[in-house]
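Trainee: One structure is given below, represented as structure tokens, and several questions about it will come after.
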Amino acid sequence: MNPDSENFDSLRQLLSLKRHEIPPPGYFDRFSRDVIARIKAGERGGEVGADYSWLRRFLGMFDVKPVFAGAFGTAVCAFIVSGIISSENTPVMGGGVSNIAGNTSVAAIPVSMSGPGVDEQFSTSSNSVAGSLFDHFPLQTQPASEQILLTGGN
Amino acid sequence: MREAAMIMTEPIPRKAGDALKKVPPEEPSEPVPVEETELVQRARKGDLAAYDQLVQRYQERIYATVYHMTSNHEDANDLAQEAFIKGFQALKSFKGGSSFYTWVYRIAVNKTINFLKQRKNRSQMSLNDLDFNAEHDPDLVALISDKTPRREAGLTELQEKLNEGMQKLSEPHRLVVTLHDVQGLSHEEIAKIMGCNIGTVRSRLFYARQQLQGFLADYLK
């Protein structure tokens, strides 16, 4: 089987087109300079570069196989969601702020942030329930929606 | 004297005006040109200026091979640079049994094939522009105006189709076509670079051309 004996003349003519594909002007003027610069950078920072080689390989996997990027993204999302869920289930030290207002979601804010128009009926001293935790801080608890209303009003 | 040495080491293009067509590396049994040996020796001792000269001497051919394999300028740039960097780092293992060119060529080819195997899911082309001479290349002019059934096809369309066809070949077949039909290396030289026998090169070339011819049938007579 001799490939040259077959009639591939037209194909070879067409393949000659590939020889006319040239990189951007000036590309080869800086090519060797870039190579030498990278060699020098590697010699100077060889150890530092090695520290991050695993990271480069790891990130390189995303380029090679996009499925890795998807899997990694899913894992990160799952981690964040599980973190949020577990943090909600974790009891707060000192008796739990949620006990103060029952099932109503509350926001703890410094008193100083409260405007002059804060209605005193919504201000509940935390000292009565949360005792020791808030003894050192002048905090008050309010329904979150009320706080938004009040600060927006100012 | 220096001029004579340069003549010895600089390959002679087989076709005038053929920028990317490559010239065979020296036979391993032949003595390696003196100047290249000196440069390699100096580079081996850490002389970056000497290595810079070696890079400048072969950068176009190495880049072209990698580019024709990847059909992507950015990938070719990275891989060609990495091949030369790897070459510098591994110079101590260079025994001098073949020319430096053949040796660094093998590094580039291996790197490229490994890269392409990993890149299978992402075959994005980033093609270089055609040079001005392409419009006046007699082969191409004849191909477009007389022989091509789809005469409306422009050079850019042909370029894209040709590169698509190349990317459909397996890496070894694409490499053989690139080295032989694009860069003009002989079967023997390709066999040395690929580490296989000449018969394998011939059969791969035949099969690759058949595949390409089938894919590009609309653009050939």
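Trainee: For B:Gln56 and B:Ser170, what does the FRET efficiency come to when R0 = 30 Å and r is the distance between their Cβ atoms, rounded to the nearest 0.05?
Mentor: It comes out at approximately 0.40.
Trainee: Take A:Phe72 and B:Asn114, extend 7 Å from each Cα along the Cα→Cβ direction, and tell me the distance between the two endpoints in nm.
Mentor: Output for this residue pair reads 2.0 nm.
Trainee: So for B:Glu157, B:Glu36, B:Glu74, fewest C-beta neighbours within 10 Å to most, what's the order?
Mentor: Ordered from fewest to most neighbouring Cβ atoms within 10 Å, B:Glu157, B:Glu36, B:Glu74 come out as B:Glu74, B:Glu157, B:Glu36.
Trainee: Once phi is turned into ³J(HN,Hα) by the Karplus curve 6.51 cos²θ - 1.76 cosθ + 1.60 with θ = phi - 60°, what whole-Hz value does each residue of segment B:169-183 show in order, with x for glycine and proline?
Mentor: The phi angles translate into 6, 5, 4, x, 5, 5, 5, 5, 5, 4, 5, 8, 7, 9, 9 Hz.
Trainee: Something else about it: Quote to one decimal, in nm, the extra length available between B:Arg42 and B:Ala217 on full extension: 0.36 nm per residue of separation minus the C-alpha distance between them.
Mentor: 57.9 nm
Trainee: Can you put A:Asp29, A:Asp9 in order, fewest other beta carbons within 10 Å first?
Mentor: A:Asp29, A:Asp9
Trainee: Of B:Lys45/B:Lys111; A:Lys40/B:Lys117; A:Lys18/B:Lys168; B:Lys45/B:Lys192, which sit over 18 Å apart, Cα to Cα?
Mentor: B:Lys45/B:Lys111; A:Lys40/B:Lys117; B:Lys45/B:Lys192
Trainee: What is the dipole size for segment B:156-221, taken about its Cα centre, with +1 at each Lys and Arg Cβ and -1 at each Asp and Glu Cβ, in debye to the nearest 20?
Mentor: So the dipole magnitude of segment B:156-221 works out to roughly 220 debye.
Trainee: Please compute the average number of Cβ atoms from other chains found within 10 Å of each residue's Cβ in peptide A:22-31.
Mentor: 5
Trainee: Now for a different question. Report the label-to-label distance for A:Val81 and B:Phe132 in nanometres (one decimal), using points 7 Å from each Cα along the Cα→Cβ vector.
Mentor: It works out to 6.1 nm between the two label points.
Trainee: For the residues B:Phe215, A:Phe8, A:Phe79, what sequence is obtained by ranking on other C-beta atoms within 10 Å, fewest first?
Mentor: Final ranking by Cβ density, sparse to dense: A:Phe79, B:Phe215, A:Phe8.
Laboratory data are not the source of any read-out in this text; all were calculated from the coordinates shown. Nothing here was measured: the structure is a model prediction, and the numbers come from that model. Counting neighbours? That spans all protein chains shown, and the Cβs are built from the backbone with ideal geometry, glycine included.
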